[in-house]
1. Mind grabbing the accessible area of Glu2 for me, 1.4 Å probe, Å², rounded to tens?
2. Probe of 1.4 angstrom, ligands and nucleic acids ignored: what's the accessible area per residue over the stretch 1-63, in square angstrom?
3. Pop out the Kirkwood hydrodynamic radius of the stretch 343-500 from its pairwise C-alpha distances, inverse of mean 1/r, in Å to one decimal.
4. Where the accessible area of the stretch 1-44 is counted over protein heavy atoms with a 1.4 Å probe, how much of it, in %, is carbon and sulfur?
5. Give the accessible surface of the stretch 388-431 per residue, rounded to a whole number of Å², with probe radius 1.4 Å and ligands, DNA and RNA excluded.
6. Taking only the C-alpha atoms, wrap a convex hull around the stretch 249-353 and report its volume per residue in Å³ as a whole number.
7. Please provide three numbers in whole Å: the alpha-carbon extents of the stretch 207-283 along the principal axes, with the largest listed first.
8. Give me the percent of the accessible area of the stretch 270-395 that comes from carbon and sulfur atoms, probe 1.4 Å, all protein chains in place.
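The values are calculated or read from the model by the stated rules, or taken from the named source; none is laboratory data. Computed from a prediction, not measured in an experiment: that's the story for all the values here. We place every Cβ from the backbone using ideal geometry, glycine too, and count neighbours over all the protein chains shown. In case anyone asks, the SASA skips ligands and DNA or RNA and just uses the protein heavy atoms, side chains included. Shrake-Rupley method; radii C 1.70, N 1.55, O 1.52, S 1.80 Å.
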Amino acid sequence: MEVIEGCRLPVLRRNQENEDEWPLAEILSVKDISGRKVFYVHYIDFNKRLDEWVTPERLDLKKIQFPKKEAKTPTKNGLPGSRPSSPERDLGLPYLASSASLQRVSVVKIPDRTNSIENVTKNLLSKRKLEAVSLTTQCSPATPVAPAPEIPTPVFAQQNGSVRRAVSVVTGRKRKAGCLGTDEDSQDSSDGIPSAPRMTGSLVSDRSHDDIVTRMKNIECIELGRHRLKPWYFSPYPQELTSLPVLYLCEFCLKYLKSLKCLQRHLTKCNLRHPPGNEIYRKGTISFFEIDGRKNKNYSQNLCLLAKCFLDHKTLYYDTDPFLFYVMTEYDCKGFHIVGYFSKEKESTEDYNVACILTLPPYQRRGYGKLLIEFSYELSKVEGKTGTPEKPLSDLGLLSYRSYWSQTILEILMELKSENGERPQITINEISELTSIKKEDVISTLQYLNLINYYKGQYILTLSEDIVEGHEKAMMKRHLRIDSKCLHFTPKDWSKRGKW
(Lines give C-alpha, C1' and ligand atoms only; values in the text may rest on other atoms or scores of the structure.)
Protein backbone atom coordinates (compact mmCIF):
# COMPACT_ATOMS: atom_id res chain seq x y z
CA MET A 1 0.00 0.00 0.00
CA GLU A 2 1.69 3.16 -1.22
CA VAL A 3 1.15 6.37 0.73
CA ILE A 4 0.86 9.31 -1.66
CA GLU A 5 0.34 13.06 -1.33
CA GLY A 6 -3.22 13.94 -0.34
CA CYS A 7 -3.79 10.76 1.71
CA ARG A 8 -5.33 11.15 5.15
CA LEU A 9 -4.63 8.78 8.01
CA PRO A 10 -4.02 8.77 11.78
CA VAL A 11 -0.47 9.84 12.75
CA LEU A 12 1.29 9.72 16.10
CA ARG A 13 2.42 13.26 17.01
CA ARG A 14 5.85 13.92 18.44
CA ASN A 15 5.92 14.25 22.25
CA GLN A 16 2.24 13.33 22.44
CA GLU A 17 1.13 12.64 26.01
CA ASN A 18 -1.58 10.12 25.20
CA GLU A 19 -0.13 7.61 22.74
CA ASP A 20 -3.54 5.96 22.30
CA GLU A 21 -4.89 9.00 20.41
CA TRP A 22 -3.56 9.38 16.90
CA PRO A 23 -4.95 12.57 15.28
CA LEU A 24 -5.97 12.55 11.64
CA ALA A 25 -3.35 14.09 9.34
CA GLU A 26 -2.94 14.85 5.65
CA ILE A 27 0.19 13.88 3.71
CA LEU A 28 1.52 17.00 2.01
CA SER A 29 4.81 15.64 0.68
CA VAL A 30 6.76 12.40 0.39
CA LYS A 31 10.56 12.33 0.31
CA ASP A 32 13.06 9.51 -0.11
CA ILE A 33 16.14 9.83 2.13
CA SER A 34 18.80 7.13 1.83
CA GLY A 35 16.26 4.63 0.58
CA ARG A 36 13.76 5.37 3.35
CA LYS A 37 10.61 7.38 2.88
CA VAL A 38 9.59 10.21 5.18
CA PHE A 39 6.30 12.11 5.06
CA TYR A 40 5.44 15.76 5.69
CA VAL A 41 2.08 15.86 7.46
CA HIS A 42 -0.48 18.47 8.47
CA TYR A 43 -2.63 17.51 11.47
CA ILE A 44 -6.27 18.24 10.65
CA ASP A 45 -7.83 20.80 13.03
CA PHE A 46 -4.39 21.68 14.43
CA ASN A 47 -2.40 24.83 13.74
CA LYS A 48 0.01 24.59 10.81
CA ARG A 49 2.95 25.41 13.06
CA LEU A 50 2.71 21.78 14.31
CA ASP A 51 3.29 20.33 10.81
CA GLU A 52 6.32 18.05 10.69
CA TRP A 53 8.21 15.27 8.91
CA VAL A 54 7.36 11.78 10.22
CA THR A 55 8.70 8.29 9.67
CA PRO A 56 6.56 5.35 8.42
CA GLU A 57 6.20 3.76 11.89
CA ARG A 58 4.18 6.79 13.04
CA LEU A 59 1.52 6.20 10.37
CA ASP A 60 -1.60 4.07 10.94
CA LEU A 61 -1.96 2.49 7.49
CA LYS A 62 -5.05 0.52 8.51
CA LYS A 63 -7.21 3.65 8.41
CA ILE A 64 -5.75 5.36 5.35
CA GLN A 65 -8.07 7.49 3.20
CA PHE A 66 -6.95 8.02 -0.38
CA PRO A 67 -7.62 11.41 -2.02
CA LYS A 68 -10.70 11.77 -4.17
CA LYS A 69 -10.71 13.45 -7.54
CA GLU A 70 -10.99 17.19 -7.04
CA ALA A 71 -14.28 18.67 -8.17
CA LYS A 72 -14.25 21.79 -10.26
CA THR A 73 -14.23 24.98 -8.25
CA PRO A 74 -17.84 26.09 -7.73
CA THR A 75 -18.91 29.12 -9.63
CA LYS A 76 -20.97 31.98 -8.32
CA ASN A 77 -22.66 34.68 -10.37
CA GLY A 78 -21.13 33.05 -13.44
CA LEU A 79 -17.56 33.83 -12.35
CA PRO A 80 -15.28 30.76 -12.43
CA GLY A 81 -13.06 30.30 -9.41
CA SER A 82 -15.36 32.04 -6.96
CA ARG A 83 -15.74 30.15 -3.70
CA PRO A 84 -19.07 29.69 -1.94
CA SER A 85 -19.49 31.87 1.08
CA SER A 86 -19.27 30.24 4.50
CA PRO A 87 -21.48 31.03 7.50
CA GLU A 88 -18.43 32.57 9.18
CA ARG A 89 -17.99 35.06 6.40
CA ASP A 90 -21.63 36.03 6.12
CA LEU A 91 -21.79 37.59 9.56
CA GLY A 92 -22.95 41.17 9.43
CA LEU A 93 -22.32 44.04 11.78
CA PRO A 94 -23.84 43.76 15.21
CA TYR A 95 -27.39 45.03 15.59
CA LEU A 96 -26.15 47.94 17.70
CA ALA A 97 -23.71 49.19 15.07
CA SER A 98 -26.22 49.06 12.22
CA SER A 99 -28.99 50.97 13.96
CA ALA A 100 -29.93 54.39 12.66
CA SER A 101 -30.94 55.71 16.07
CA LEU A 102 -28.83 56.15 19.19
CA GLN A 103 -28.97 52.83 21.01
CA ARG A 104 -28.66 53.25 24.77
CA VAL A 105 -27.07 50.41 26.71
CA SER A 106 -27.30 49.97 30.48
CA VAL A 107 -24.37 48.58 32.45
CA VAL A 108 -25.31 46.49 35.47
CA LYS A 109 -22.83 45.22 38.03
CA ILE A 110 -24.03 42.08 39.75
CA PRO A 111 -22.42 40.10 42.58
CA ASP A 112 -23.16 36.65 41.18
CA ARG A 113 -23.52 36.40 37.41
CA THR A 114 -25.31 33.03 37.30
CA ASN A 115 -28.13 33.62 39.78
CA SER A 116 -28.62 37.35 39.31
CA ILE A 117 -28.93 37.29 35.55
CA GLU A 118 -31.66 34.67 35.77
CA ASN A 119 -33.61 36.81 38.21
CA VAL A 120 -32.97 40.23 36.71
CA THR A 121 -33.16 39.36 33.00
CA LYS A 122 -35.82 36.69 32.66
CA ASN A 123 -36.62 37.36 29.03
CA LEU A 124 -33.02 38.20 28.08
CA LEU A 125 -32.28 38.35 24.37
CA SER A 126 -35.94 37.99 23.41
CA LYS A 127 -37.04 39.35 20.02
CA ARG A 128 -33.50 40.17 18.88
CA LYS A 129 -30.24 38.30 19.33
CA LEU A 130 -26.99 40.18 18.93
CA GLU A 131 -24.62 38.60 16.49
CA ALA A 132 -20.94 38.50 17.42
CA VAL A 133 -18.54 39.98 14.93
CA SER A 134 -16.09 37.44 13.54
CA LEU A 135 -12.65 38.98 14.12
CA THR A 136 -10.91 36.18 12.29
CA THR A 137 -12.41 36.91 8.86
CA GLN A 138 -12.14 39.89 6.60
CA CYS A 139 -15.75 40.93 6.10
CA SER A 140 -17.19 42.65 3.07
CA PRO A 141 -20.09 45.00 2.38
CA ALA A 142 -23.36 43.41 3.41
CA THR A 143 -27.00 44.10 2.65
CA PRO A 144 -28.11 47.35 4.34
CA VAL A 145 -29.91 46.82 7.63
CA ALA A 146 -33.22 48.54 8.23
CA PRO A 147 -33.07 51.21 10.95
CA ALA A 148 -34.10 49.92 14.35
CA PRO A 149 -36.69 51.73 16.46
CA GLU A 150 -35.37 54.05 19.11
CA ILE A 151 -34.80 52.25 22.39
CA PRO A 152 -35.92 53.87 25.64
CA THR A 153 -33.41 55.46 27.99
CA PRO A 154 -32.20 52.72 30.33
CA VAL A 155 -31.40 52.60 33.98
CA PHE A 156 -27.86 51.46 34.70
CA ALA A 157 -27.38 50.23 38.24
CA GLN A 158 -24.45 48.76 40.08
CA GLN A 159 -26.03 46.14 42.30
CA ASN A 160 -24.24 44.92 45.38
CA GLY A 161 -27.10 44.70 47.83
CA SER A 162 -28.05 48.30 47.00
CA VAL A 163 -27.93 50.57 43.97
CA ARG A 164 -24.69 52.57 43.93
CA ARG A 165 -24.29 54.14 40.52
CA ALA A 166 -25.62 54.07 37.01
CA VAL A 167 -24.00 54.47 33.61
CA SER A 168 -25.62 54.59 30.22
CA VAL A 169 -23.56 53.50 27.24
CA VAL A 170 -24.74 54.83 23.90
CA THR A 171 -23.73 53.91 20.38
CA GLY A 172 -22.96 56.65 17.91
CA ARG A 173 -24.16 57.55 14.46
CA LYS A 174 -25.33 55.15 11.80
CA ARG A 175 -22.45 53.53 9.96
CA LYS A 176 -22.44 52.73 6.28
CA ALA A 177 -23.92 49.34 5.63
CA GLY A 178 -21.07 46.85 5.79
CA CYS A 179 -18.75 44.88 8.00
CA LEU A 180 -15.36 45.20 9.56
CA GLY A 181 -12.53 45.40 7.07
CA THR A 182 -14.51 46.80 4.14
CA ASP A 183 -12.38 47.67 1.13
CA GLU A 184 -14.21 50.20 -1.00
CA ASP A 185 -11.68 49.87 -3.81
CA SER A 186 -12.03 46.11 -4.17
CA GLN A 187 -14.47 44.15 -6.27
CA ASP A 188 -18.14 44.20 -5.42
CA SER A 189 -18.92 41.45 -2.94
CA SER A 190 -22.51 42.05 -1.98
CA ASP A 191 -23.04 38.29 -2.16
CA GLY A 192 -21.20 37.88 1.15
CA ILE A 193 -17.85 36.71 -0.24
CA PRO A 194 -14.92 38.64 1.29
CA SER A 195 -13.46 41.04 -1.21
CA ALA A 196 -9.95 40.43 -2.47
CA PRO A 197 -7.31 42.47 -0.63
CA ARG A 198 -5.46 45.16 -2.53
CA MET A 199 -1.90 44.15 -3.40
CA THR A 200 -0.32 47.26 -1.93
CA GLY A 201 1.50 46.05 1.12
CA SER A 202 4.60 44.09 2.03
CA LEU A 203 2.42 41.42 3.64
CA VAL A 204 -1.09 40.90 2.30
CA SER A 205 -3.85 38.41 3.05
CA ASP A 206 -2.78 34.92 2.09
CA ARG A 207 -4.46 33.46 -0.98
CA SER A 208 -2.03 30.59 -1.52
CA HIS A 209 -3.44 27.93 0.83
CA ASP A 210 -3.97 25.57 -2.10
CA ASP A 211 -0.29 25.71 -3.06
CA ILE A 212 1.42 22.64 -1.60
CA VAL A 213 4.83 24.34 -1.67
CA THR A 214 3.72 27.24 0.54
CA ARG A 215 1.97 24.85 2.94
CA MET A 216 5.32 23.33 3.96
CA LYS A 217 7.91 24.85 6.25
CA ASN A 218 11.02 25.40 4.15
CA ILE A 219 13.48 26.79 6.72
CA GLU A 220 14.79 24.41 9.36
CA CYS A 221 16.31 26.92 11.79
CA ILE A 222 17.15 30.64 11.97
CA GLU A 223 19.93 32.10 14.09
CA LEU A 224 19.17 35.69 15.07
CA GLY A 225 21.67 37.17 17.51
CA ARG A 226 21.72 35.01 20.65
CA HIS A 227 18.52 33.16 19.69
CA ARG A 228 17.87 30.16 17.47
CA LEU A 229 14.33 30.18 16.11
CA LYS A 230 12.33 27.29 14.68
CA PRO A 231 10.10 28.76 11.94
CA TRP A 232 6.41 27.89 12.07
CA TYR A 233 5.45 28.49 8.44
CA PHE A 234 6.75 28.88 4.90
CA SER A 235 8.74 32.00 4.01
CA PRO A 236 9.99 32.73 0.47
CA TYR A 237 13.70 33.00 1.21
CA PRO A 238 15.94 32.17 -1.80
CA GLN A 239 15.63 28.49 -2.62
CA GLU A 240 19.35 27.81 -2.32
CA LEU A 241 19.15 28.73 1.38
CA THR A 242 16.24 26.43 2.24
CA SER A 243 18.38 23.28 2.28
CA LEU A 244 20.77 24.68 4.92
CA PRO A 245 20.52 23.35 8.49
CA VAL A 246 20.72 26.93 9.82
CA LEU A 247 19.97 30.27 8.16
CA TYR A 248 21.96 33.12 9.74
CA LEU A 249 20.53 36.65 10.06
CA CYS A 250 22.26 39.85 11.13
CA GLU A 251 20.11 40.93 14.08
CA PHE A 252 20.58 44.62 13.27
CA CYS A 253 20.06 44.86 9.48
CA LEU A 254 18.31 41.42 9.14
CA LYS A 255 20.40 40.46 6.12
CA TYR A 256 20.31 36.69 5.55
CA LEU A 257 23.55 34.72 5.12
CA LYS A 258 24.30 31.07 4.43
CA SER A 259 27.00 30.38 7.03
CA LEU A 260 28.42 31.53 10.35
CA LYS A 261 31.63 32.55 8.60
CA CYS A 262 29.68 34.79 6.20
CA LEU A 263 27.84 36.31 9.17
CA GLN A 264 31.07 37.04 11.03
CA ARG A 265 32.52 38.70 7.92
CA HIS A 266 29.33 40.73 7.50
CA LEU A 267 29.38 41.93 11.13
CA THR A 268 32.82 43.47 10.60
CA LYS A 269 31.28 45.68 7.89
CA CYS A 270 27.78 46.31 9.31
CA ASN A 271 27.72 49.57 11.26
CA LEU A 272 24.11 49.29 12.45
CA ARG A 273 23.45 48.65 16.12
CA HIS A 274 19.75 49.50 15.92
CA PRO A 275 17.05 49.41 13.24
CA PRO A 276 17.41 52.17 10.62
CA GLY A 277 15.02 55.09 11.02
CA ASN A 278 14.03 57.42 13.85
CA GLU A 279 13.80 56.42 17.49
CA ILE A 280 10.43 57.85 18.54
CA TYR A 281 10.05 56.21 21.97
CA ARG A 282 12.36 55.17 24.78
CA LYS A 283 11.59 54.17 28.34
CA GLY A 284 14.04 52.05 30.28
CA THR A 285 15.44 49.44 27.93
CA ILE A 286 12.44 49.53 25.52
CA SER A 287 12.67 51.61 22.34
CA PHE A 288 10.54 51.99 19.22
CA PHE A 289 11.96 52.92 15.82
CA GLU A 290 9.90 54.24 12.91
CA ILE A 291 11.10 52.92 9.55
CA ASP A 292 9.89 54.18 6.18
CA GLY A 293 9.33 51.29 3.75
CA ARG A 294 10.49 53.45 0.85
CA LYS A 295 13.66 54.87 2.40
CA ASN A 296 14.75 51.57 3.97
CA LYS A 297 13.53 49.08 1.42
CA ASN A 298 16.08 46.31 2.03
CA TYR A 299 15.54 46.30 5.79
CA SER A 300 11.76 46.35 5.36
CA GLN A 301 11.80 43.42 2.94
CA ASN A 302 14.13 41.41 5.18
CA LEU A 303 11.84 42.14 8.13
CA CYS A 304 8.86 40.85 6.16
CA LEU A 305 10.73 37.66 5.20
CA LEU A 306 11.47 37.02 8.87
CA ALA A 307 7.90 37.83 9.91
CA LYS A 308 6.44 35.44 7.33
CA CYS A 309 8.13 32.54 9.17
CA PHE A 310 5.68 33.13 12.03
CA LEU A 311 2.60 34.50 10.23
CA ASP A 312 0.46 32.00 8.34
CA HIS A 313 -2.38 34.34 7.34
CA LYS A 314 -0.15 36.58 5.21
CA THR A 315 1.94 36.14 2.09
CA LEU A 316 4.94 38.19 1.01
CA TYR A 317 4.68 41.06 -1.44
CA TYR A 318 7.71 43.19 -2.13
CA ASP A 319 6.18 46.65 -2.45
CA THR A 320 7.03 48.16 0.95
CA ASP A 321 6.81 51.81 -0.19
CA PRO A 322 3.27 52.49 1.14
CA PHE A 323 4.14 51.17 4.60
CA LEU A 324 5.68 52.35 7.85
CA PHE A 325 7.29 49.81 10.18
CA TYR A 326 7.48 50.29 13.94
CA VAL A 327 10.14 48.03 15.43
CA MET A 328 10.29 47.45 19.19
CA THR A 329 13.74 46.73 20.62
CA GLU A 330 15.43 45.90 23.91
CA TYR A 331 18.70 47.69 24.65
CA ASP A 332 21.87 46.28 26.18
CA CYS A 333 25.58 47.00 25.87
CA LYS A 334 25.74 45.33 22.43
CA GLY A 335 22.92 47.35 20.86
CA PHE A 336 19.17 47.41 20.26
CA HIS A 337 17.81 43.88 19.78
CA ILE A 338 14.56 43.37 17.86
CA VAL A 339 11.67 42.08 19.97
CA GLY A 340 8.76 42.54 17.60
CA TYR A 341 7.17 44.99 15.18
CA PHE A 342 4.02 46.15 13.51
CA SER A 343 3.49 47.78 10.14
CA LYS A 344 0.81 50.22 9.02
CA GLU A 345 -0.22 51.86 5.79
CA LYS A 346 0.82 55.48 5.35
CA GLU A 347 -2.70 56.15 4.10
CA SER A 348 -5.55 53.79 4.96
CA THR A 349 -9.07 54.41 3.74
CA GLU A 350 -10.29 51.66 6.11
CA ASP A 351 -8.79 53.26 9.26
CA TYR A 352 -6.29 50.43 9.72
CA ASN A 353 -3.65 51.36 12.28
CA VAL A 354 -1.91 47.97 12.01
CA ALA A 355 -1.33 45.83 8.93
CA CYS A 356 0.90 43.11 10.38
CA ILE A 357 1.98 42.60 13.97
CA LEU A 358 4.41 40.10 15.44
CA THR A 359 6.28 39.38 18.65
CA LEU A 360 9.22 37.06 17.98
CA PRO A 361 8.89 33.67 19.75
CA PRO A 362 11.66 34.21 22.37
CA TYR A 363 9.75 37.26 23.66
CA GLN A 364 6.21 35.89 23.59
CA ARG A 365 4.07 35.50 26.71
CA ARG A 366 5.94 38.34 28.41
CA GLY A 367 3.57 41.23 27.73
CA TYR A 368 5.31 42.55 24.62
CA GLY A 369 2.37 41.79 22.33
CA LYS A 370 0.02 44.04 24.30
CA LEU A 371 2.75 46.68 24.43
CA LEU A 372 2.92 46.70 20.61
CA ILE A 373 -0.87 46.98 20.40
CA GLU A 374 -0.97 49.74 23.01
CA PHE A 375 1.74 51.65 21.11
CA SER A 376 -0.26 51.44 17.87
CA TYR A 377 -3.24 53.04 19.60
CA GLU A 378 -1.02 55.72 21.18
CA LEU A 379 0.02 56.70 17.65
CA SER A 380 -3.65 56.83 16.66
CA LYS A 381 -4.36 59.13 19.63
CA VAL A 382 -1.63 61.53 18.49
CA GLU A 383 -3.05 61.41 14.96
CA GLY A 384 -6.52 62.14 16.36
CA LYS A 385 -8.02 59.02 14.77
CA THR A 386 -9.63 55.75 15.77
CA GLY A 387 -7.99 52.65 14.39
CA THR A 388 -8.46 48.92 13.89
CA PRO A 389 -6.10 46.11 12.85
CA GLU A 390 -6.27 44.75 9.34
CA LYS A 391 -8.27 41.53 9.11
CA PRO A 392 -7.89 38.59 9.20
CA LEU A 393 -5.89 38.39 12.40
CA SER A 394 -3.65 35.45 13.19
CA ASP A 395 -4.75 33.15 16.00
CA LEU A 396 -2.25 34.64 18.46
CA GLY A 397 -2.96 38.17 17.21
CA LEU A 398 -6.67 37.67 17.78
CA LEU A 399 -6.07 36.55 21.38
CA SER A 400 -3.81 39.54 22.06
CA TYR A 401 -6.25 42.06 20.59
CA ARG A 402 -9.27 40.63 22.40
CA SER A 403 -7.36 40.75 25.66
CA TYR A 404 -6.17 44.32 25.06
CA TRP A 405 -9.61 45.59 24.00
CA SER A 406 -11.26 43.89 26.98
CA GLN A 407 -8.84 45.33 29.53
CA THR A 408 -8.89 48.82 28.02
CA ILE A 409 -12.69 49.07 27.79
CA LEU A 410 -13.27 47.60 31.25
CA GLU A 411 -10.72 50.06 32.62
CA ILE A 412 -12.79 52.94 31.22
CA LEU A 413 -16.11 51.58 32.55
CA MET A 414 -14.77 50.86 36.02
CA GLU A 415 -13.22 54.31 36.41
CA LEU A 416 -16.54 56.09 35.85
CA LYS A 417 -17.75 57.94 38.94
CA SER A 418 -21.07 59.55 39.72
CA GLU A 419 -21.32 63.32 40.16
CA ASN A 420 -23.91 65.18 42.30
CA GLY A 421 -25.63 61.90 43.06
CA GLU A 422 -26.52 61.40 39.40
CA ARG A 423 -25.52 58.31 37.51
CA PRO A 424 -22.57 58.88 35.16
CA GLN A 425 -23.15 58.45 31.43
CA ILE A 426 -20.83 57.55 28.60
CA THR A 427 -21.38 56.76 24.94
CA ILE A 428 -19.77 54.16 22.71
CA ASN A 429 -18.36 57.06 20.70
CA GLU A 430 -16.77 58.52 23.84
CA ILE A 431 -15.17 55.18 24.70
CA SER A 432 -13.88 55.03 21.14
CA GLU A 433 -12.46 58.56 21.35
CA LEU A 434 -10.82 57.95 24.74
CA THR A 435 -9.14 54.73 23.63
CA SER A 436 -8.84 55.28 19.84
CA ILE A 437 -10.40 51.83 19.45
CA LYS A 438 -12.83 51.81 16.54
CA LYS A 439 -16.51 51.75 17.53
CA GLU A 440 -17.15 48.37 15.87
CA ASP A 441 -14.31 46.81 17.90
CA VAL A 442 -15.75 48.28 21.12
CA ILE A 443 -19.13 46.69 20.42
CA SER A 444 -17.72 43.35 19.29
CA THR A 445 -15.57 43.17 22.45
CA LEU A 446 -18.59 43.76 24.68
CA GLN A 447 -20.34 40.98 22.82
CA TYR A 448 -17.35 38.65 23.07
CA LEU A 449 -17.35 39.19 26.84
CA ASN A 450 -21.10 38.40 26.88
CA LEU A 451 -21.78 41.74 28.56
CA ILE A 452 -24.51 42.96 26.20
CA ASN A 453 -28.03 41.69 26.88
CA TYR A 454 -31.52 42.78 25.88
CA TYR A 455 -34.07 43.29 28.66
CA LYS A 456 -37.43 45.08 28.72
CA GLY A 457 -36.84 47.13 25.60
CA GLN A 458 -33.28 48.17 26.40
CA TYR A 459 -29.73 46.89 26.19
CA ILE A 460 -27.78 46.29 29.39
CA LEU A 461 -24.15 45.51 30.12
CA THR A 462 -23.86 43.03 32.96
CA LEU A 463 -20.59 43.27 34.89
CA SER A 464 -20.32 40.45 37.40
CA GLU A 465 -17.90 40.36 40.30
CA ASP A 466 -16.05 37.58 38.48
CA ILE A 467 -15.39 39.88 35.53
CA VAL A 468 -14.31 42.75 37.79
CA GLU A 469 -12.00 40.53 39.86
CA GLY A 470 -10.57 38.89 36.75
CA HIS A 471 -9.88 42.30 35.24
CA GLU A 472 -8.17 43.58 38.38
CA LYS A 473 -5.93 40.51 38.57
CA ALA A 474 -5.01 40.85 34.88
CA MET A 475 -4.10 44.52 35.31
CA MET A 476 -1.88 43.70 38.30
CA LYS A 477 0.14 41.34 36.09
CA ARG A 478 0.45 43.88 33.28
CA HIS A 479 3.71 45.56 34.21
CA LEU A 480 4.69 46.83 30.74
CA ARG A 481 2.76 49.95 29.74
CA ILE A 482 3.35 52.74 27.24
CA ASP A 483 4.18 56.10 28.80
CA SER A 484 2.80 58.78 26.46
CA LYS A 485 5.30 61.31 27.89
CA CYS A 486 8.16 59.30 26.38
CA LEU A 487 6.62 59.33 22.88
CA HIS A 488 8.16 61.83 20.46
CA PHE A 489 6.07 61.44 17.34
CA THR A 490 4.79 63.94 14.80
CA PRO A 491 2.28 62.49 12.31
CA LYS A 492 2.81 63.29 8.63
CA ASP A 493 0.18 64.05 6.04
CA TRP A 494 1.12 61.47 3.43
CA SER A 495 -1.61 62.61 1.03
CA LYS A 496 0.46 65.71 0.30
CA ARG A 497 3.69 63.81 -0.31
CA GLY A 498 2.98 62.46 -3.79
CA LYS A 499 4.49 58.98 -4.07
CA TRP A 500 5.83 59.10 -0.51
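1. It works out to around 120 Å².
2. It amounts to 62 Å² per residue over the stretch 1-63.
3. 17.4 Å
4. 42 percent
5. 45 Å²
6. Spelled out: Cα convex hull of the stretch 249-353, divided by residues, is 118 Å³.
7. Principal axes ranked by extent give 42, 32, 18 Å for the Cα atoms.
8. Carbon and sulfur atoms account for 44 percent of the accessible area of the stretch 270-395.
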